[in-house]
Amino acid sequence: MACFSAPLAAAIAAGVVRHAVKGKDAGDPETISWATKLGWLEKLSFGGCALLAFEHIWHGEIIFQFPFLTGVRDGNGAEVLQEIITVGGTMTALIFAVWIGMLIVSSVIVKRGKTVQAEA
């Protein structure tokens with residue numbers, strides 16, 4: 001019912017950290033900055049949040065009147081928290097795994113580009 005709040009929290013945290021490191025990341029201009037990498041995480045997390053929210057709207061678990069969540073309206077607050085931890089936590093972990101994969105692939109691509117330039 002509210003599992004989308006876990007990736008939403010991750011997206012907000014990534015955005016805050018991205019804004020904190022933006023401009024301070026004066027590394028090699030031929031590499032990808034951490035602000036850019038954190039931007040990837042932020043976008044992935046917002047996407048996961050949107051996907052989960054859409055799924056809950058589709059199944060009628062999110063309603064457009066207070067308290068907005070059918071689980072809270074029905075008095076199942078513990079069930080809502082359990083879903084945030086299990087489903088939302090799993091989605092957030094999957095998002096982080098994809099992001100780490102992106103970091104590894106982008107690092108390999110940048111290193112390959114440097115070796116190609118050095119050979120030329």
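The values are calculated or read from the model by the stated rules, or taken from the named source; none is laboratory data. Here the structure is a predicted model, which means the values were calculated and not measured. As a convention, Cβ positions derive from the backbone with ideal geometry for all residues, glycine included, and neighbour counts pool all protein chains shown. These area figures cover heavy atoms from the full protein model, side chains too; ligands, DNA and RNA do not enter into them. Shrake-Rupley method; radii C 1.70, N 1.55, O 1.52, S 1.80 Å.
So, Glu79, is that one of a type outside the set (A, V, I, L, M), more than 26 Å from Leu38 (Cα to Cα) and either without any contact (Cβ under 8 Å) to a residue 12 or more places away in the chain or touching a Cys at 6+ places or on another chain (Cβ under 9 Å) (or both) or not? Judged against the criteria, Glu79 is not a match. For the stretch 45-54, the criterion of being touching a helix residue (DSSP H, G or I) at 6+ places or on another chain (Cβ under 7 Å), within 29 Å of Gln117 (Cβ to Cβ) and aromatic (Phe, Trp, Tyr) is met by no residue.
Please pick out the residue among Ala11, Ala35 that is open to solvent by less than 50 Å² (accessible area, probe 1.4 Å) and either β-branched (Val, Ile, Thr) or farther than 30 Å from Asp74 by Cβ (or both). Spell out how you get there, then give the answer.
Working: Ala11 fails: either β-branched (Val, Ile, Thr) or farther than 30 Å from Asp74 by Cβ (or both).
Within the list Ala11, Ala35, the selection yields Ala35.
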